[in-house]
1. SER163: within 30 Å of ALA49 (Cα to Cα) and of a type in the set (Ser, Thr, Tyr), yes or no?
2. Please find, within the range 101-121, the residue that is farthest from PHE237 (Cα to Cα) out of those that are under 19 Å from the mean Cα position of the chain (by Cα) and among the hydroxyl-bearing types (Ser, Thr, Tyr).
3. When you scan the range 168-179, how many residues do you find that are of a type in the set (A, V, I, L, M) and open to solvent by 20 Å² or more (accessible area, probe 1.4 Å)?
4. Name the single residue that is least open to solvent (accessible area, probe 1.4 Å) among those in the range 22-42 being over 14 Å from VAL63 (Cα atoms) and not hydrophobic (A, V, I, L, M, F, W, C).
5. Taking the range 206-227 only, how many residues are assigned to a helix (DSSP H, G or I) and open to solvent by less than 60 Å² (accessible area, probe 1.4 Å)?
6. Would the range 50-57 turn up any residue that is among the hydrophobic types (A, V, I, L, M, F, W, C) and at pLDDT below 95?
7. Restricting attention to the range 4-18, report how many residues are within 24 Å of ALA170 (Cα to Cα) and crowded, with 17+ Cβ neighbours inside 10 Å.
8. ALA137 - would you say it is of a type in the set (A, V, I, L, M, F, W, C) and touching a Lys or Arg at 6+ places or on another chain (Cβ under 8 Å)?
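The values are calculated or read from the model by the stated rules, or taken from the named source; none is laboratory data. The shown structure was predicted, so the numbers you read here are calculated from the model rather than taken from an experiment. Cβ placement follows ideal geometry from the backbone for every residue including glycine, while neighbour counts extend to all protein chains displayed. For the accessible areas, the whole protein counts, side chains as well, though only heavy atoms, and no ligand, DNA or RNA atoms are used. Shrake-Rupley method; radii C 1.70, N 1.55, O 1.52, S 1.80 Å.
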Amino acid sequence: MHITDEGSGATIVWIHGYPLNSGIFRPQLAIEGFRHLMPDLPGFGQTPAASGELSMDDYARAVLAELDQRGIDRATFAGVSMGGYVCFAIAQLAPERVEGLILIDTKETADTEEGRKGRYDSIEKVKNEGLTPIVDAMLPKMLTPAASPEMVAQVRAIMEATSPAGAIAALGAMANRPDSSALLPALDVRTLIVVGDQDSITPVADAQRMAAALPHAKLVVLEGAAHLSNLQQSAAFNKAALLWLT
């Protein structure tokens with residue numbers, strides 16, 4: 001697994017979403033006083049795809065294995081979108097290793113039947129047409145129309161670095177992920193929830209629902225951001241994260 005490992009201090013593990021990679025977290029390296037681990041999940045960025053199907057637990061175990069190799073027992077886990085699903089899996093598998101959670105533009109519920117069908121339709125599209133139609137369809141939802149051409153090009157390049165096999169495995173894992181609603185009230189850890197006010201994929205209502213269910217949650221809504229609020233409004237995100245972390 002390719003992983004960025006920079007900084008020193010308490011560890012934050014930044015887990016990207018689909019179809020993205022750790023490059024979306026580069027602005028978060030400006031948060032000083034912490035050690036930042038930013039993995040590329042299998043099949044994304046510079047990490048080769050795994051063979052066969054994967055589950056959220058498989059991604060979680062892969063991330064935890066990276067911590068084991070570095071002798072890190074506990075960390076704050078931060079996940080955007082699918083990365084949030086991986087965070088829930090980590091909290092379920094190894095709650096003793098979770099110092100805190102940062103849930104970014106994500107949700108705790110499983111796919112609806114319609115959503116699950118959409119995942120499998122996307123799998124067939126990737127098999128037949130590659131990643132381009134997926135990128136073209138998802139890119140406008142990642143950022144608001146106010147995003148600069150440079151940022152749009154950056155996100156497109158990140159998305160296009162995804163391998164077809166990695167995308168297919170992730171789509172299957174998301175389609176079959178469990179509902180984590182029952183997990184939330186039992187999560188006895190500090191949690192920061194961040195959402196863009198213009199996120200159409202996991203809207204503000206999803207973040208509000210999670211905040212109400214978690215025992216120790218703080219909700220931050222970032223203005224002028226869509227699904228990648230940590231990237232599009234990085235300065236405001238970093239300020240909110242640092243305030244919460246310290």
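1. Working: within 30 Å of ALA49 (Cα to Cα): yes; of a type in the set (Ser, Thr, Tyr): yes.
Taking the combined requirement at face value, the residue satisfies it.
2. The extreme case among them is THR109.
3. Count: 1.
4. Pass one, the range 22-42, residues over 14 Å from VAL63 (Cα atoms): 23-35.
Filter once more, keeping what is not hydrophobic (A, V, I, L, M, F, W, C): 23, 26-28, 32-33, 35.
Working: GLY23: 15, ARG26: 118, PRO27: 33, GLN28: 0, GLU32: 149, GLY33: 54, ARG35: 60 Å².
Going through the qualifying residues, I end up with GLN28.
5. Here is the first cut: in the range 206-227, the residues assigned to a helix (DSSP H, G or I) are 206-213.
Still in the list and also open to solvent by less than 60 Å² (accessible area, probe 1.4 Å): 206-207, 210-211, 213.
The qualifying residues number 5.
6. Initially, the range 50-57 is screened for residues among the hydrophobic types (A, V, I, L, M, F, W, C), giving 50, 54, 56.
Imposing the further condition that a residue be at pLDDT below 95 reduces the set to 50.
Looking through the range 50-57, at least one residue is among the hydrophobic types (A, V, I, L, M, F, W, C) and at pLDDT below 95.
7. Here is the first cut: in the range 4-18, the residues within 24 Å of ALA170 (Cα to Cα) are 4-5, 12-18.
When the remaining residues are screened for being crowded, with 17+ Cβ neighbours inside 10 Å, the result is 4, 12-18.
Qualifying residue count, the range 4-18: 8.
8. Working: of a type in the set (A, V, I, L, M, F, W, C): yes; touching a Lys or Arg at 6+ places or on another chain (Cβ under 8 Å): no.
It is false that ALA137 is of a type in the set (A, V, I, L, M, F, W, C) and touching a Lys or Arg at 6+ places or on another chain (Cβ under 8 Å).
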